[in-house]
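Undergrad: Below you will find the structure I want to go over with you.
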Amino acid sequence: MSQNVYDILMERGFIEQCTHPEEVRELLGKESVTFYIGFDATADSLTAGHFLTIMAMMHMQRAGHRPIALLGGGTTMVGDPSGKSDMRKVMTKETIEHNAACFHKQLSRFLDFDSEKAIVANNADWLLNLNYVEFLREVGAHFSVNRMLTAECYKQRMEKGLTFFEFNYMVMQSYDFLKLNQMYGCQMQLGGNDQWSNIIGGVELIRRKENKPAYGLTFKLLTTSDGIKMGKTMKGAVWLDPEKTSPYEFYQYWRNIEDVKVEECLGLLTFLPMEEVRRLGALQGAEINQAKEVLAYEITRIVHGEEEAKKAQEAARALFIKGGNTDDMPTTAYTQEELDAGKDILTLLVETRLAPTRSEARRLVQQGGVMVNEQKVTDIAQSFGTADLDQEGALIIRKGKKSYHKVKKQ
């Protein structure tokens, strides 16, 4: 038998908590296990934050286990209070259905759904038409409110006020695990470590109600060294949908991560052998940039394919070589009239999304962090237009050392 997937996940840095470590490792080594991960359909694309759990699913499937991607068509209508200081915005059923369909399509790029090797389920199928009194009798009776209130996901919300609406979330997620256990023999729930309380709820419900073994496993969350969730930029989330975050921007995000995070991300977000991960992670000084290039290329290749990864890498390298190919750089096109009239640098920085606000743009210019066609801009009122376009009819705006944007004529 090939290496136990539990050991693979442990060595690569995934596993944070496990309800029954020895039993889980033994189980994963001797039989094909059906497990699930839930995805609440709060947007029309998965994000870099989801990518870690998708990688875990891929490792599990490669080792012969069966993933269930549970789309939260029902739970999204309530919203998970975990890690949230405010109640989530309530979404319409139609929006949630559309988002769930987008998730299914994206997950199909990473998991093999042929011949039920992986399953997509949607908890709307059993949550939306529940009989409330029956549900309270069958499921609610197994939950202690005292214990629920000690769960981390609720503690954070108690100060601001936790609605009964959200208080149901743990019971609903636990019921999902019970239903998947009954329908597909699902024995394990996996998720980020912010899901630990919810996962334990499901494990205990199955063990009490069905007298069957059930297990939970959580992964570490990707965070910066300041403890902020990774996968966020000034523009918002880093999306897996190329229409929302271009492959070039996606590549650049990973190319520019903190040095201290390189080895961790190589272990979690690529399939490179661990000896190579450790070799790259040990590089020092300027050499760490080689490791960041490998990281960015490998992640972009898994998410967007070899061709897009190569294009993104070439475009990123070209920017450090004057006159390089800029075709894959993020681009904003203006009409001839707009360029003839000219655009001041603050407007350009905001419209190209290199700065979120004019005041931030002003600060960048005043600190000497902005260049246009490799000339430093020092005047916040400086305007650029048709006369400033280079031989290829473009303006290349650079913010700091690594963020580039091309402006051209429509």
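Undergrad: Kindly state which helices (runs of 4 or more DSSP H) lie completely within segment 327-392 and contain at least 3 residues that are of a type in the set (Lys, Arg).
TA: Values: elements: 336-341, 345-351, 358-366.
Counting at least 3 such residues, we get 358-366.
Undergrad: Being out of contact with any helix residue (DSSP H, G or I) (no Cβ under 6 Å at 6 or more places or on another chain) and not hydroxyl-bearing (Ser, Thr, Tyr) is the filter here, so list the residues in segment 165-189 that pass it.
TA: Within segment 165-189, PHE165, GLU166, PHE167, ASN168, VAL171, ASP176, LEU180, GLN182, MET183, GLY185, GLN187, MET188 meet the criteria.
Undergrad: Which numbered condition trips up ALA315, out of (1) of a type in the set (Gly, Ala, Ser); (2) closer than 25 Å to TYR251 by Cα; (3) surrounded by fewer than 18 Cβ atoms within 10 Å (Cβ to Cβ)?
TA: (3)
Undergrad: Take segment 34-54 and flag every residue that is touching a Phe, Trp or Tyr at 6+ places or on another chain (Cβ under 8 Å), farther than 20 Å from THR223 by Cα and outside any loop (DSSP other than H, G, I, E, B).
TA: THR34, TYR36
Undergrad: For segment 325-354, give me each residue that is at pLDDT below 85 and not polar (S, T, N, Q).
TA: Correct list: ASP327, ASP328, MET329, PRO330, ARG353.
Undergrad: Mind checking which pairs have a first residue in segment 305-318 that is more than 23 Å from GLN106 (Cβ to Cβ) and a second that is of a type in the set (Phe, Trp, Tyr) and not in a helix (DSSP H, G or I), Cβ under 9 Å, 6 or more apart or different chains?
TA: Taking only residues 6 or more apart or on different chains, the pairs are ALA315/TYR404; ALA316/TYR404.
Undergrad: Does any residue of segment 227-243 turn out to be among the basic types (Lys, Arg) and in a loop (DSSP other than H, G, I, E, B)?
TA: For segment 227-243, residues among the basic types (Lys, Arg) and in a loop (DSSP other than H, G, I, E, B): present.
Undergrad: Related question: Give me the helices (runs of 4 or more DSSP H) completely within segment 93-160, filtered to those with at least 3 residues that are buried (at least 17 other Cβ atoms within 10 Å of the Cβ) and either without any contact (Cβ under 8 Å) to a residue 60 or more places away in the chain or not β-branched (Val, Ile, Thr) (or both), ordered by residue number. Full working, then the answer.
TA: Values: elements: 93-107, 124-127, 132-138, 145-149, 152-158.
Ranges flagged: 93-107, 124-127, 152-158.
Undergrad: Could you say which residue among VAL377, VAL365, VAL372 is more than 32 Å from the chain's Cα centre (by Cα) and over 24 Å from ARG317 (Cβ atoms)?
TA: After ruling out the rest, the residue left standing is VAL377.
Undergrad: Looking at GLN391, GLN366, can you tell me which residue is among the polar types (S, T, N, Q), modelled with pLDDT of 85 or more and farther than 27 Å from GLU243 by Cα?
TA: So the residue among GLN391, GLN366 that is among the polar types (S, T, N, Q), modelled with pLDDT of 85 or more and farther than 27 Å from GLU243 by Cα is GLN366.
The values are calculated or read from the model by the stated rules, or taken from the named source; none is laboratory data. On a predicted model such as this, the values are computed, not experimentally measured, just so you know. Cβ atoms come from the backbone with ideal geometry, glycine included; neighbour counts cover every protein chain shown.
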